[in-house]
Amino acid sequence: MSIVKLPMAESPIVGFQHIAYALSIILNDKESLPWYYSNYIQLVSGNSFATPMTFYPNWFDANPLLYIQTFKKEIMKFGNIDIHSFIKDCIDNKTYFYS
C-alpha cells in the first residue's frame, strides 16, 4: 500500500472551517490568488453590523475554482458502498473528500 498525500495550502481564513478547507485546496494554485483577493478583501468596516459578517451562502456553487459533487449518505447505504473504500479511492484518484 502506497501513501498518497494531496497538497494542502495554509488557508489565511481559519475561523470558518468550511471556507478554510476549500481555500487550502484552491490556494495550491498561484493563479487562484486574483480570485481570492477579489473575493476576500474588505477595505472598510463600520462598528456595528446590521447583518452578521458572512460570505456568500452559495459559496461553493459560485466558486469557479472548485468542482463540487454532493450526495446524501443514504446513497452510500443504498448502493452498498463501503465509505472507507470510497474515500480511499477518491484520494488515490487525487480527488479531495470533504464530509
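Bear in mind these aren't lab numbers, they're just calculated from the coordinates by the rules spelled out. Remember, predicted model here, so these are calculated numbers, not experimental data. In this analysis, Cβ positions are derived from the backbone assuming ideal geometry, glycine residues included, and neighbour counts consider all displayed protein chains.
Below is a table of values for the structure above.
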| quantity | calculated |
| --- | --- |
| Sequence of Tyr40, Tyr67 once ranked by neighbouring C-beta atoms within 10 Å, starting from the fewest | Tyr67, Tyr40 |
| Lysines with Cα under 22 Å of Lys73, excluding same-chain neighbours fewer than 8 positions away | Lys88, Lys94 |
| Environment charge at Gly79 (Cβ cut-off 12 Å; Lys +1, Arg +1, Asp -1, Glu -1) | +1 |
